[in-house]
């Protein structure tokens, strides 16, 4: 290689190395910017989660059914109480004034058999963990819980939002179970826990129970305005104090 060729080669190599370095620096800058953006987004979401937690309308119910924890990055996340998770409950949906849970219960060969088992009390919802926690938080505040017949459960479910989706191959039922209603010392309703069922034809028929917990003031006003004391007396099963 002559001197002129060597100079040209060296210059080209220098340009190539310089170009690679610039590209690497640009890539590092971009990745750093992206990383900061992700961290900022995570921080924003974390603050939003804390705000939602703080603004949930009923802290007593919130603290029984949900937990606020931090992930490995130190950001807040809201999850279902581990006791409920261990009992096969899933958090279907939640907002400031409602919590919806879902639980797979059993598998049968057809709809008739599945519904027969539900009607005959193969799963007794008023004695499950969700009911236990609902009652515990009410009694801890000096409140009482009244259990009403399935007819009231059905009427409330027909009017309030459900997380069950209507689709072909599924049967939904809103009136198999009793309903729990929490009342404070003045006799005013505080929270309502209803149950709904969905049986879905997949391989056989799978049955799931949905637990709907309502505690918003607007819902409590709606309840008081739509169900008379006489009707409630006629559908009352028992009072838990």
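The values are calculated or read from the model by the stated rules, or taken from the named source; none is laboratory data. As the structure is a prediction and not an experimental result, all values here were calculated from the model. In this analysis, Cβ positions are derived from the backbone assuming ideal geometry, glycine residues included, and neighbour counts consider all displayed protein chains.
A residue that is surrounded by 12 or more Cβ atoms within 10 Å (Cβ to Cβ) and in contact with a helix residue (DSSP H, G or I) (Cβ under 8 Å, 6 or more places away or on another chain) can be found somewhere in segment 164-171.
If only residues of segment 88-136 that are part of a helix (DSSP H, G or I) and without any contact (Cβ under 8 Å) to a residue 12 or more places away in the chain are counted, the one that is nearest to the chain's Cα centre (by Cα) is 132.
Looking at (1) surrounded by 12 or more Cβ atoms within 10 Å (Cβ to Cβ); (2) under 17 Å from residue 97 (Cα atoms); (3) out of contact with any strand residue (DSSP E or B) (no Cβ under 9 Å at 6 or more places or on another chain), which one does residue 218 not meet, given that it meets all the others? All conditions pass for residue 218, except number (1).
Any idea which residue in segment 177-218 is nearest to residue 142 (Cα to Cα), counting only those that are over 22 Å from the mean Cα position of the chain (by Cα) and modelled with pLDDT under 95? Across segment 177-218, the extreme among qualifying residues is 205.
Looking only at segment 58-87, residues that are outside any helix (DSSP H, G or I) and touching a strand residue (DSSP E or B) at 6+ places or on another chain (Cβ under 9 Å) come to 14 in all.
Determine, yes or no, whether residue 185 is touching a residue at least 40 places away in the same chain (Cβ under 8 Å), loosely packed, with under 14 Cβ neighbours inside 10 Å and either in contact with a helix residue (DSSP H, G or I) (Cβ under 6 Å, 6 or more places away or on another chain) or not in a strand (DSSP E or B) (or both).
Values: touching a residue at least 40 places away in the same chain (Cβ under 8 Å): yes; loosely packed, with under 14 Cβ neighbours inside 10 Å: yes; either in contact with a helix residue (DSSP H, G or I) (Cβ under 6 Å, 6 or more places away or on another chain) or not in a strand (DSSP E or B) (or both): yes.
Taking the combined requirement at face value, the residue satisfies it.
Okay, residues lined up against (1) out of contact with any helix residue (DSSP H, G or I) (no Cβ under 6 Å at 6 or more places or on another chain); (2) part of a strand (DSSP E or B); (3) within 20 Å of residue 114 (Cβ to Cβ):
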{"residue": "181", "(1), (2), (3)": "yes, yes, no"}
{"residue": "206", "(1), (2), (3)": "yes, yes, yes"}
{"residue": "210", "(1), (2), (3)": "yes, yes, yes"}
{"residue": "218", "(1), (2), (3)": "yes, no, no"}
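Out of the residues in segment 222-231 that are assigned to a helix (DSSP H, G or I) and within 29 Å of the chain's Cα centre (by Cα), state the one that is nearest to residue 192 (Cα to Cα).
Only one residue tops the list, namely 223.
With respect to the conditions (1) under 30 Å from residue 169 (Cα atoms); (2) within 23 Å of the chain's Cα centre (by Cα); (3) loosely packed, with under 13 Cβ neighbours inside 10 Å, residue 74 falls short on a single one, namely (1).
May I ask you to say which residue of 127, 149 is in contact with a helix residue (DSSP H, G or I) (Cβ under 8 Å, 6 or more places away or on another chain) and at pLDDT 95 or above?
The match here is 149.
Residues that are at pLDDT 95 or above and farther than 17 Å from residue 101 by Cβ within segment 159-174 comprise just one, 159.
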